[in-house]
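Student: To start, I am sharing the structure in question, which I have written as structure tokens.
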Amino acid sequence: MSEEHYFSQEPSSPLKPKSIQIPLAGAMVNVTTASGTFSPLQLDVGTAVLIDQMDLAPEAGNLLDLGCGWGPIALNLAKLRPKAKVWAVDVNSRSLELTAKNAKELGIPNITASLPEEVPADLQFRGIWSNPPIRIGKKELHELLLKWLPRLESGGEAYLVVQKNLGSDSLQKWLTEVLASDFEVSRLTSVKTYRILKVKKNS
């Protein structure tokens, strides 16, 4: 199955586990990936760019990795912020299984891998980190972001990494327009061909 279908709920491709190395809180560790998930052969460049900014993550509270894949963002958040509870959310069941497996094998207890509907509806997040699934289409992406960004706590911040040629600038403009005065949308940084967008919920 191609990477474009990593957002399928039940991947139809055979499970082919693969061990790769990724950075985790400054050290290199082995994790398990598999076909039918996002970027199973190596750490995606955009994800790596986002991980490099994780010193901005809150020390505690509920943190969300939206579209967790096999877990690189959630694993780094949870390792760097042991007092936080990290919710790793994805529609892909194989991704959730791999995230849970990697967390267990790396001895990281503060990750909960969940389908979207398994997250308590009244739960708010101090921070949201995401390499969002741009390829699901603009309408679906907008619906996804409007579902989760409003669940930031007052003063909470979201960080989204988006490749420039996949519409980072237009996404920033849309977020600014649709979220209006309730949020502050800005570009945190540009690295290589990637932008990191910051969305802060006003107090």
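Student: Per residue and in Å³, how big is the convex hull formed by the alpha-carbon atoms of the range 143-203?
Tutor: Dividing the Cα hull volume of the range 143-203 by its residues yields 67 Å³.
Student: Let me ask something else about it. Taking LYS173 as the anchor, which aspartates and glutamates have their alpha carbon closer than 16 Å to its alpha carbon, excluding any fewer than eight residues away along the same chain?
Tutor: GLU143, ASP182, GLU184
Student: Rg/Rh for the range 3-201 to two decimals, with Rh computed the Kirkwood way over all alpha-carbon pairs.
Tutor: 0.93
Student: Right, here's the next one. With +1 assigned to the C-beta of every Lys and Arg and -1 to the C-beta of every Asp and Glu, and no other charges, what is the dipole magnitude of the range 101-203 about the Cα centre in debye, to the nearest 20? Intermediate values should be presented prior to the final figure.
Tutor: Details: 16 positive and 12 negative charges, 99 e Å.
It comes to approximately 480 debye.
Student: I've got another one for you. Just in the range 123-203: which trypsin sites (Lys or Arg not before Pro) are loop by DSSP and have at most 14 other Cβ atoms within 10 Å? The partial results should precede the final answer.
Tutor: Working: sites: ARG126, ARG135, LYS138, LYS139, LYS147, ARG151, LYS164, LYS173, ARG187, LYS192, ARG195, LYS198, LYS200, LYS201; in loops: LYS192.
The qualifying sites are LYS192.
Student: Same structure, new question: If you place +1 on the Cβ of every Lys and Arg and -1 on the Cβ of every Asp and Glu, how big does the dipole about the Cα centre of the chain come out, in debye to the nearest 20?
Tutor: Dipole size: approximately 360 debye.
Student: Set the bar at 28 Å for Cα to Cα. Now go through LYS79/LYS201; LYS101/LYS200; LYS85/LYS139 and name every pair that lies beyond it. Please report the intermediate quantities before stating the final value.
Tutor: Numbers: LYS79/LYS201 25 Å; LYS101/LYS200 32 Å; LYS85/LYS139 30 Å.
Where the Cα-Cα span goes over 28 Å, the pairs concerned are LYS101/LYS200; LYS85/LYS139.
Read-outs throughout are calculated quantities, based only on the coordinates presented, and are distinct from any laboratory measurement. Computed from a prediction, not measured in an experiment: that's the story for all the values here. Here Cβ is always computed from backbone atoms with ideal geometry, including for glycine, and neighbour counts include all displayed protein chains.
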